[in-house]
Amino acid sequence: MKYRIFSAFVAVLMLSPMLVSCFSSPFMHHGFFAMDTYVTVDARTSDSGLLKDVENLVYEDERLFSRTFAGTKLYELNEKGEYDVGEETARIISTALEICEATDGAFNPCMGSLIELWDIKSENPRVPTDSEISSLLGTVDSSLVKVSGSTVTIPEGMKIDLGGIAKGCSAEKVIGLLRARGVSDALVGFGGSIACIGSPSDGETWSVGIRNPFDTGSVVGTLKVTDCIISVSGSYERYFEKDGKRYHHILDPKTGKPSESDIESVAVISKSGAVSDALSTALFVMGFEEALGLYKGGIYDFEAVFVMKNRDIVVTRGLEGAFTKDDGYKAKVTYR
Ligand code: AMP
Ligand code: MG
């Protein structure tokens, strides 16, 4: 019998502290910094070269999807206004634009200029003035983006930012690579996005903890799932505080300010990394009733766990039996 303790570096979701494995071929662990987070890979393989290949794939993705790395195609597009960004980046931009439309603009990949203005990640972030914000609100109109083959055109002042979708996409690609190389059991952590396939051990299911947004050292509950990507968006992930107020990293495209909905955090579970990641951001902005409307509308195949501002948990129907509230988290759980 072999005990495995998985990395606690996963920024948003935590695995149950201990998972038991009793296989002859053990899991190999690999971790590295990329995409502004600590990426972890736990895969049942004895091929350490594969884990290095995963790392290189993620570095490549970072260059495909990053807005801030000088010289990347997205960077050039944002500088020049029209650029051949390559097939893959163009495809993700198109997917992001589709999700933008489906979420009535709650997920908007065209907010790079506002994200830059807020610069939440900088050492000395500041609250921009209302006039600075309103002067950039006109730069986020996603209907003005044109994608023609791999060439993308954006209007003056607009910058594309794929931070709300890139990690989910890359996590799905990593799973694709692992599968193609014969791995059937793995768990990949990308900060706010986790992808899992197979199982940790015979007869077991992956157990993914949903971090308590009110006390990030604990969980609100766990999800028993596999073959999916789980992404979480919450105001506790990245923020700064000024005069007792928290300014977090998810902006409401309508106001240009950190979104203020009735949701404290939301986890979205889907087979698609793009859907999981982009929708977690979108639902957080939309607020609960609108988010539930999108779920019931059935355009996208996903399930969700909402932790509401009043602490209650709302879980979508498809997760009945998969979600268990943690005994230490006192709140009502309802299924909708
Ligand atoms: P996530 O942690 O997946 O919710 O993504 C948050 C990141 O997405 C931010 O750090 C920004 O780069 C970007 N972002 C912020 N607000 C939005 C929004 N409303 N729609 C799309 N991307 C956003
Ligand atoms: Mg997201």
Subject >> region 79-137, relative contact order in percent, only Cα pairs under 8 angstrom and at least six apart counted >> reply: 20 percent
**OP:** Could you tell me which trypsin sites (Lys or Arg not before Pro) in region 100-158 are loop residues by DSSP with no more than 16 other beta carbons within 10 angstrom of their beta carbon?
**Re:** Lys121, Arg126
Subject >> Cα centre as origin, Lys/Arg/Asp/Glu Cβ charges: region 174-326 dipole, Debye >> reply: 280 debye
**OP:** Can you give me the P(r) profile for region 135-208? Cα pairs, bins 10 angstrom wide beginning at 0, each as a whole percent.
**Re:** 16, 31, 22, 18, 11, 2
Subject >> Rounded to 10°, Cα long-axis angle of helix 48-65 versus longest principal axis of the chain >> reply: 20 degrees
**OP:** With a point put 7 Å past each Cα toward its Cβ, work out how far Ser46 is from Glu60 in nm, to one decimal.
**Re:** 2.7 nm
Original post:
Is it possible to state the helix-based mean residue ellipticity at 222 nm for the chain, with each DSSP H run of 4+ residues giving -39500 (n - 2.57), the sum divided by total residues, to the nearest 500 deg cm²/dmol? What is it?
Top reply: -9000 deg cm²/dmol
**OP:** Run through the DSSP bridge list for the chain and note the antiparallel percent, rounded to the nearest 5.
**Re:** 95 percent
Original post:
Pulled fully out, how much extra length does the chain show between Tyr335 and Thr153, if you take 0.36 nm times their separation in residues and subtract their Cα-Cα distance?
Top reply: 61.2 nm
Subject >> Phi-based couplings in Hz for region 236-245 (Karplus 6.51, -1.76, 1.60; Gly and Pro marked x) >> reply: 8, 5, 9, 6, 9, 10, 9, 6, x, 10
Original post:
Hey, what did region 64-108 get for relative contact order, percent, Cα under 8 Å, at least 6 apart?
Top reply: 23 percent
Original post:
lysines near Lys159 by alpha-carbon distance under 24 Å, same-chain residues fewer than 8 away left out - which ones?
Top reply: Lys73, Lys80, Lys121, Lys146, Lys167, Lys254, Lys257
Original post:
Per residue Cα convex hull volume for region 58-134, in cubic angstrom?
Top reply: 125 Å³
Original post:
Relative to the longest principal axis of the chain, what angle (0 to 90°, nearest 10) does the C-alpha long axis of helix 87-102 take?
Top reply: 80 degrees
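Please give the length that would be gained between Ser218 and Glu98 if that part of the chain were fully extended, namely 0.36 nm times their separation in residues minus their C-alpha to C-alpha distance (nm, one decimal).
39.7 nm
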Original post:
What number, in percent, do you get for the relative contact order of the chain if the mean sequence gap of Cα pairs under 8 Å and at least 6 apart is divided by its residue count?
Top reply: 17 percent
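Laboratory data are not the source of any read-out in this text; all were calculated from the coordinates shown. As the structure is a prediction and not an experimental result, all values here were calculated from the model. Note: ideal-geometry Cβ built from the backbone for every residue, glycine included; neighbour counts use all protein chains shown.
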